[in-house]
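The block underneath contains the structure these notes are about, expressed in structure tokens.
The values are calculated or read from the model by the stated rules, or taken from the named source; none is laboratory data. This structure is a prediction, so every number in the text was calculated from the model and none was measured. Cβ coordinates were reconstructed from backbone atoms using ideal geometry, including for glycine residues, and neighbour counts include every protein chain displayed. Protein only, heavy atoms only, side chains kept; ligands, DNA and RNA dropped before computing areas. Shrake-Rupley method; radii C 1.70, N 1.55, O 1.52, S 1.80 Å.
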Amino acid sequence: METHLPSSTPPSVVNHHTRSATRRAVRSLGASSTELAWENEGGHLRNEDAWYRSGRSASEEPPPAAVTGSVPRPSAGFRDELSKKDHDVVDASWAGAVPQSYGVAPRVRVGRDRWFNLLWLLPVGFVLLIAAVAIAKGLRELPAVAGFVAAHPGTVVPAGAEDTAGSPGWVGWQHFFNMLLLIPIIRSGLTIIADHPRFYWTRHSTPGRDWFRVQKPVPADPLWTAKQDSITLPDGVGLPGRRHSIGLARWWHLGVNTLWLGNGLIFYILVFTTGHWTRLVPASWDVFPNALSAMIQYLSLDWPAGHDWLAYNSLQLIAYFVTVFVAAPLAFITGLGMSPALSTKFRRISSVFSIQAARSLHFLVLTWFLVFIVAHVTLVVTTDVRRNFNMMYANRDGDSWHGFWVFAASLVVLIVVWVAATPVTYRHPRTVQRVGYALIGPVQRLFEHLDAKPGQYTEKDISPYLWHNGKYPATPEYADLLEHDFAGYRLRVSGLVEHPVELDLAQLRALPHHEQITQHFCIQGWSGVAKWGGVSMQTIVNLVQPKPEAHWVVFYSFAEGPDGGVYYDAHPIEQMGYHLTMLAYDMNGDSLPYGHGAPLRLRNEVQLGFKHVKWIKGVEFVEDFAEIGGGEGGYNNDHEFFGYRQSI
Ligand SMILES: Nc1nc2c(c(=O)[nH]1)N[C@H]1C(S)=C(S)[C@@H](COP(=O)(O)O)O[C@H]1N2
Ligand SMILES: [Mo]
């Protein structure tokens with residue numbers, strides 16, 4: 001009983017975990033007299049193992065009579081403790097007036113613990129580019145290279161190219177919508193990254209094992225939360241930029257994505273029905289030597305000859321092909337790879353291709369898009385720019401200024417949208433939440449029906465460290481319970497049920513034991529596997545017998561949220577019968593630690609982490625959540641504009 005972590009925990013994590021965590025927990029509760037008690041106990045929760053064993057041995061027996069006997073007080077008490085504050089703007093009080101905190105320059109890990117600052121790529125890249133130009137110029141003077149370039153001029157013009165010459169009007173529109181949609185997608189994606197500014201390759205998200213970060217190393221504080229780790233972005237960069245504005249960023253990201261995917265689907269259909277695909281898909285091996293030739297020509301600053309909008313040069317062709325047919329679908333697939341519902345259901349894929357691989361690849365796809373955009377825009381404006389604009393924007397050939405003015409007008413639209421998006425989001429966050437839900441909500445709702453079976457993970461998959469999140473409980477009520485090992489704890493299950501109950505921990509432990517090893521998916525992007533022991537929600541449902549009009553189940557916490565008022569979250573009643581929905585009082589074979597929600601927390605693996613209420617004091621079955629708190633179905637939905645269906 002030295003620690004709540006499994007033995008595979010790296011020493012650095014173990015050493016400071018339990019002792020100072022509990023001490024800090026108690027300190028944050030302002031209970032200085034108890035601090036000595038904790039010290040005397042050697043810094044861990046007392047009687048945990050005895051408690052655990054008694055629960056285990058009793059688990060075969062039928063529940064004690066008291067379980068069905070005691071009738072709790074009316075449930076209005078929980079609701080009275082909620083904040084009814086109606087937020088209709090985002091201002092300085094955002095997320096409990098979280099102070100701004102900027103990250104650090106991007107860093108990539110080299111080896112075990114050395115970090116390379118990517119800003120060095122600017123001077124290094126510049127020197128390399130100059131060297132490459134010098135080398136390319138030298139190469140072109142060699143007869144062999146001159147011969148190669150003459151034999152492979154840079155472009156392969158496919159047979160029948162005449163049929164698709166020029167650029168049809170739909171390409172121009174598609175191109176415009178693509179830009180219009182991609183900008184908010186990228187910007188909101190950056191805000192999502194800023195909420196957990198680290199990337200990993202394994203599902204454990206172990207501090208110090210990130211391969212990329214824009215944040216300082218994780219502090220030693222064992223109760224450091226992922227929310228504390230989030231960073232601010234400038235408003236013109238992020239959408240929105242404010243620290244921990246991921247709720248709003250996700251509506252932009254997922255909502256606009258549905259439009260972008262729609263635009264992309266139309267593009268695919270048009271490209272293949274008009275024969276235009278021959279301009280984007282490499283059709284012969286000749287493309288590769290020609291791409292090399294085009295690269296040498298570009299680098300020697302003597303650019304390959306254009307082909308009158310019959311065919312793109314081979315380097316361009318490959319870049320367009322990768323962007324349209326590799327990067328875009330990969331963005332979509334890796335995006336879905338981060339969904340708790342899909343990952344838990346499609347085990348075979350997600351066991352190999354974890355959320356963190358998906359998130360890292362999603363980020364590398366973003367990098368590809370950014371590099372592509374910079375190179376593409378540079379080449380467009382440095383190669384026959386007026387003709388390019390005429391072709392793409394005015395559906396005509398020639399050197400007139402016509403296309404340029406259409407382009408300029410489209411640029412004004414992009415800039416206005418760019419500049420307005422963040423301030424409009426701050427002024428009308430509920431509208432962003434509603435429109436976002438209208439766009440992506442049906443899909444989120446659909447995936448909620450995926451009731452996955454347990455068994456994806458085993459003991460050896462348990463993460464050495466699970467990040468903490470949220471605001472720790474700090475009420476005298478909770479401090480008192482914690483001090484007495486939750487001896488006075490009563491879980492109150494009430495609302496629209498035939499048999500409301502109050503259960504103490506011994507009674508909970510006497511109910512049939514349910515155990516699952518599952519992966520946690522925080523909305524911020526980190527993950528981790530843990531073993532949870534407790535009671536299946538189905539057992540509770542059987543015990544209390546919900547009335548037919550109960551449609552939602554609300555979980556109330558002892559802890560307040562950052563804006564004041566008690567943390568709560570509503571779940572659809574169907575999900576209470578899912579295999580992986582449970583109330584956990586154990587974690588990794590020990591009592592649930594303070595930081596992870598002692599004495600009781602929810603697991604509902606179809607949902608993102610913020611819906612897994614920790615430090616639960618009550619459960620209420622209701623018809624509708626409109627009357628509860630701010631009426632949006634959960635603390636984060638009321639205060640930070642999250643959504644209540646979070647299967648992706
Ligand atoms: N009461 C309460 N429960 C909460 C939160 C909170 O702020 N308050 N945060 C949630 C979030 S955002 C996450 S990701 C998980 C984190 O669980 P862990 O700290 O055990 O990893 O708890 C959830 N439960
Ligand atoms: Mo979270």
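A few notes on this one:
- Label point distance in nm, ALA487-THR475, each placed 7 Å from Cα along Cα→Cβ: 2.2
- Heavy atoms of HIS204 accessible to a 1.4 Å probe, total area in Å² rounded to 10: 40
- Solvent exposure of TRP418, expressed as accessible area, is near 110 Å², computed with a probe of 1.4 Å over the protein chains only.
- DSSP H segments from the chain that extend 20 Å or more along their own axis, Cα-based, with Kyte-Doolittle mean of -1.0 or above: 11-28, 121-140, 169-195, 246-274, 355-382, 402-427, 429-447
- Per-residue ellipticity at 222 nm from helix content only, as computed over the chain with -39500 (n - 2.57) for each DSSP H run of at least four residues, stands at -14000 deg cm²/dmol.
- In terms of accessible area, using a 1.4 Å probe and ignoring ligands and nucleic acids, ARG603, ARG79, ARG250 rank largest first as ARG79, ARG250, ARG603.
- Sorting GLU477, GLU640, GLU627 by solvent-accessible area of protein heavy atoms yields GLU627, GLU477, GLU640, largest first, with a 1.4 Å probe.
- Principal axis dimensions, the stretch 258-413 - Cα atoms, whole angstrom, descending: 56, 38, 29
- With the highest mean first, a sort of the peptides 586-593, 554-561 on other beta-carbon atoms found within 10 angstrom per residue produces 554-561, 586-593.
- Order of exposure, largest accessible area first, which applies to THR383, THR425 with probe 1.4 Å: THR383, THR425
- Projected area, mean over directions - the chain, Cα convex hull, nm²: 31.5
- Rel. contact order, % - alpha carbon contacts under 8 angstrom, at least six apart, the stretch 189-260: 38
- Its Cα gyration tensor gives the stretch 436-506 an equivalent ellipsoid; the semi-axes, largest first and in whole Å, are 32, 23, 18.
- A cut-off under 14 angstrom between Cβ atoms defines the neighbours of PRO442, and their net charge, with Lys, Arg +1 and Asp, Glu -1, is +2.
- Long pairs among LYS227/LYS345; LYS85/LYS547; LYS85/LYS617, criterion Cα-Cα beyond 24 Å: LYS227/LYS345; LYS85/LYS547
- Annotation: per residue accessible area for the chain equals 43 Å², rounded to a whole number [probe 1.4 Å, protein chains only].
- Fully extended contour minus Cα-Cα distance, from VAL157 to GLN538, at 0.36 nm per residue: 130.7 nm
- Whole-percent carbon and sulfur share, accessible surface of the stretch 96-191, 1.4 Å: 71
- Gain upon complete extension [VAL412, THR225; 0.36 nm per residue less C-alpha separation]: 63.2 nm
- For the chain, the relative contact order works out to 20 percent when only alpha carbon pairs closer than 8 Å and six or more residues apart are counted.
- Within straight-line cross-link reach of LYS531, lysines at Cα separation under 16 Å, skipping those fewer than 8 residues along the same chain: LYS453, LYS460, LYS614
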